[in-house]
Amino acid sequence: MSSSDSIAYAHPERRLRRLLRRLPGRMQAITRWLRKPSSRWARIPAGIFLILGGFLAILPVFGLWMLPLGLMLLADDIPSLRRARDRVLDWLERRRPNWFAAAGRLKGAEADESVHSR
């Protein structure tokens, strides 16, 4: 990856990290480990199994939530999926900017929403 590629890749990566911070603690730790370059041997099969599980959403244990998570994991290794993931992140950031709020701002935004919902 050249320096211009790494600069262009930094913004989507930062957004993805902010979005992943919204996951429950254990899921965050697993996802962080799977996204490490040294975990490629586990990331690719996990992504494939999550995608397959997403297609089995009619069964009780599986769900559609597995499909985007599997695609996100595979996007780290497949450039065309990475570009699609970045476009989806752009769209999500426009539609749901509070999902990408920094950790300190997130708590304040949730407090504001709870006050306004009363």
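Just so you know, all these numbers are worked out from the coordinates, no wet-lab data involved. Remember, predicted model here, so these are calculated numbers, not experimental data.
Couplings 3J(HN,Hα) of the range 85-99, computed from phi: 4, 5, 5, 5, 5, 4, 4, 5, 5, 6, 7, 10, x, 5, 5 Hz, in residue order, whole Hz [Karplus 6.51 cos²θ - 1.76 cosθ + 1.60, θ = phi - 60°; x for Gly and Pro]. Working note: Karplus 6.51/-1.76/1.60 with θ = phi - 60° gives the range 28-37 the couplings 4, 4, 5, 5, 4, 5, 5, 7, 5, x Hz, where Gly and Pro are set to x. Computed extension length for Ala42-Met27: 3.9 nm, one decimal, from 0.36 nm per residue of separation with the Cα-Cα distance subtracted.
Scattering from the range 11-81 was approximated by placing one identical point on each alpha carbon and applying the Debye formula without solvent; log10 I(q)/I(0) at 0.18 1/Å stands at -0.71.
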